[in-house]
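Colleague: Pasting a structure here, questions to come.
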Amino acid sequence: MICGWNINAFFYDVANSRLSHDIDKIIFNFLKKNNKTKNTSVLDLCAGTGSVSFKSLILGAKHVVAVDDSKYMITRMKHKKQLDFFNGRFKIIKLNVLKKDLSKYFNEKFDIIYLKRALYFSDNENKDILKQCYKLLNKNGLIIIVNPEKNLIRYVKGRKILFALPHFLRRLWAWIGLLTRTIKYNVYTYEKFDVLCEEACPRGKLITLNAPLPAYYIRIIKKE
């Protein structure tokens, strides 16, 4: 049965291109300033079609592992032309991060772990994923988290400008996708999510980056 993220896979790159680009630009500017783009090991959890993975490789990551549970997302990822340029540096794994002990699947530790639009589960499940990710980090490693914020009123206000731009339909699809995930899955206010991160990784340093739209937040947990 094709449902949820499997359906979204067919439209994912188109529907999210502008927003993903803006968010990724902020994240990678931060990484460049902190010398975290070259010769890094990267784990991209809930990788979707691999946009973050490929951007990490282009910027000089030595090794990237992309993980997703949707075979349709993985198929889209494998069909991308960039894949041909990164043989030996890029690995794709089909895995449900919620149901697996991540430490059993990775014998290495990582400099950067991405959780982009990934933490939609219960509080305890999200904490468990963050704890596992923290254990997989090298010293001074980073967990980079991007999630929608619960207050959709802020989101609609921020989106009014985008509705006046070209590609109205793809933006509408992205809005409907976020609305659906907000209703169906567990999402947080900024404040509640910060508490969740601090409880899951009490020894980590929590860093906040300003997202391009008020409906999203970007949080970084640094292992010290």
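Please treat every number below as a calculation from the coordinates, not as lab data. Remember, predicted model here, so these are calculated numbers, not experimental data. So basically every Cβ, Gly included, is an ideal-geometry build from the backbone, and we count neighbours across all protein chains shown.
Colleague: Taking the alpha-carbon distance from Lys71 and a cut-off under 19 Å, which lysines remain once sequence neighbours fewer than 8 residues away in the same chain are dropped?
Modeller: Filter leaves Lys80, Lys81, Lys91, Lys94, Lys99, Lys100, Lys116.
Colleague: Now a separate question. Taking other Cβ within 10 Å of each residue's Cβ, how do Tyr114, Tyr105, Tyr190, Tyr217 sort, fewest first?
Modeller: Tyr105, Tyr190, Tyr217, Tyr114
Colleague: Using Cα positions and a limit of under 17 Å, work out the lysines in reach of Lys223, with same-chain residues fewer than 8 apart set aside.
Modeller: Candidates past the 8-residue exclusion: Lys36, Lys109, Lys127, Lys131, Lys135, Lys139, Lys205.
Colleague: With a sphere of radius 10 Å drawn around the Cβ of Ile207, what net charge do the other residues whose Cβ falls strictly inside it have (Lys, Arg +1; Asp, Glu -1)? Display every interim value, and only then the final one.
Modeller: Working: positive: Lys205, Arg219, Lys222; negative: none.
Summing Lys and Arg as +1 and Asp and Glu as -1 gives +3.
Colleague: In addition: Near the amide H of Phe110, under 5 Å away, which other amide H atoms are found, from residues 5 or more places off or on another chain, if H is placed in the peptide plane?
Modeller: Those lying under 5 Å, H to H, from Phe110 are Leu137, Asn138.
Colleague: Let me ask something additional. If neighbour count is taken as other Cβ atoms inside 10 Å, put Val146, Val42, Val195 in order from fewest to most.
Modeller: Details: Val146 23, Val42 27, Val195 12.
Listing Val146, Val42, Val195 from fewest to most nearby Cβ atoms yields Val195, Val146, Val42.
Colleague: Viscosity 1.002 mPa s, temperature 20 °C: what is the translational diffusion coefficient of the range 61-137 from Stokes-Einstein with a Kirkwood Rh over Cα pairs, rounded to a whole number of µm²/s? Intermediate results must be reported in sequence, preceding the final value.
Modeller: Numbers: Rh = 13.7 Å.
D = 156 µm²/s.
Colleague: Here's another thing I want to ask about it. Determine the sum of side-chain charges near Thr75: Lys and Arg each +1, Asp and Glu each -1, restricted to other residues whose C-beta is under 11 angstrom from that of Thr75. Could the numbers behind the result be given before it?
Modeller: On the way: positive: Lys71, Arg76, Lys78, Lys80, Lys94; negative: Asp68.
Charge balance in the 11 Å sphere: +4.
Colleague: Pop a pseudo-label 7 angstrom from the Cα along the beta-carbon direction at both Lys25 and Leu206 and give the gap in nm to one decimal.
Modeller: According to this spin-label approximation, the distance is 2.8 nm.
Colleague: If each residue's Cβ is checked for other Cβ atoms within 10 Å, how do Ser103, Ser53, Ser41, Ser70 rank with the fewest at the top?
Modeller: Numbers: Ser103 10, Ser53 29, Ser41 19, Ser70 24.
In increasing order of surrounding Cβ atoms, one gets Ser103, Ser41, Ser70, Ser53.
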